[in-house]
Amino acid sequence: MEIRPKPLPSLRLDQLGASRGTDDQVKRTRQGMSGGAAQALAQLDLTKVRPSQLDPLAVQLMEEGKLTEEVASELILFRNSGARNLADDRPFNLIEAAERAARVVGSMSPMHSAAKYRSAYDGALYGAKGMLTLIKALRTGNAVDVRA
């Protein structure tokens, strides 16, 4: 009788972004992700992404369990630093925007009303970094679905 090891649980993108990004972690993140979401993600350039590209993908990734609702919500709110409203669709660097937001909120006094959102912005930063790691793996073919 052959004993097969249990597959490790799937990872979310924010968990991948907070990790070392090993091949196994990348494959576990890709596990269970639809082909459409993986293809859309692989086509993104996070250094000049438009909200109209990012927002529906963040919702899809949340629906597939690859982002928490909190992380997806934060990613949807990011805009170009000169944006005056949420309708602004100018491209922006997602990693820089997430780092800037996490740094600003992280530097606030714990007494400041916005300080309670620190974990949300940290999660968004990890989510963006996880997206970047998975994009690189998808483009090089190193993110094979472990269920296949």
In vacuum, with every alpha carbon of the stretch 10-56 counted as one equal point scatterer, what does the Debye formula give for log10 I(q)/I(0) at q = 0.27, 0.28 Å⁻¹? Two decimals, please. -1.07, -1.09
Carbon and sulfur together cover what percent of the accessible area of the chain at a 1.4 Å probe radius? 51 percent
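Nearest 20 debye, what's the magnitude of the dipole of the chain about its Cα centre given +1 on Lys and Arg Cβ and -1 on Asp and Glu Cβ?
280 debye
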How large is ³J(HN,Hα), in whole Hz, for each residue of the stretch 46-59 in order, when computed from phi with the Karplus curve 6.51 cos²θ - 1.76 cosθ + 1.60 and θ = phi - 60°, using x for Gly and Pro? 5, 7, 8, 8, 9, x, 5, 8, 6, 4, x, 5, 4, 5
Let's test the formula: R0 of 35 Å, r as the Cβ-Cβ distance of residue 104 and residue 22. What FRET efficiency results, to the nearest 0.05? 0.70
Computed ³J(HN,Hα) along the stretch 74-90: with the Karplus parameters 6.51/-1.76/1.60, θ = phi - 60°, integer Hz and x for glycine or proline, the list is 5, 4, 5, 7, 5, 9, 3, 4, x, 5, 9, 7, 6, 7, 5, 10, 5
Which of (1) 18.0; (2) 17.0; (3) 15.9 gives Kirkwood radius over Cα pairs in Å as computed here? It is (3)
Under 30 Å between C-alpha atoms, the lysine pairs in the chain lying 8 or more places apart or on different chains count 16
Farthest towards the positive end of the dipole of the chain, among 83, 141, 61 and with Cβ unit charges of +1 on Lys and Arg and -1 on Asp and Glu, lies the Cα of 141
At a Förster distance of 41 Å, what's the computed FRET efficiency of residue 140 paired with residue 73, Cβ-Cβ distance as r, to 0.05? 0.85
Per the helix-only calculation at 222 nm, which mean residue ellipticity applies to the chain, given -39500 (n - 2.57) for every DSSP H run of n ≥ 4 and division by its residues, nearest 500 deg cm²/dmol? -16500 deg cm²/dmol
Contour minus Cα-Cα span, residue 50 to residue 8, at 0.36 nm per residue, comes to 11.7 nm
Under the 0.36 nm per residue contour assumption, what length would be gained going from the current alpha-carbon distance of residue 86 and residue 63 to full extension? 6.1 nm
Whole-Hz Karplus couplings 3J(HN,Hα) for the stretch 95-105, θ = phi - 60° and coefficients 6.51, -1.76, 1.60, Gly and Pro as x, run 5, 4, 5, 5, 5, 4, 5, 5, 5, 5, 5
In Å², and per residue, what accessible area does the chain have when probed at 1.4 Å with the other protein chains present? 58 Å²
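The values are calculated or read from the model by the stated rules, or taken from the named source; none is laboratory data. This one's a predicted model, so the numbers in the text were calculated from it and none came from an experiment. Every residue, glycine as well, gets a Cβ built from its backbone with ideal geometry; the counts of neighbours run over all protein chains shown. We work out accessible area using only protein heavy atoms, side chains counted, and drop any ligands, DNA or RNA first. Shrake-Rupley method; radii C 1.70, N 1.55, O 1.52, S 1.80 Å.
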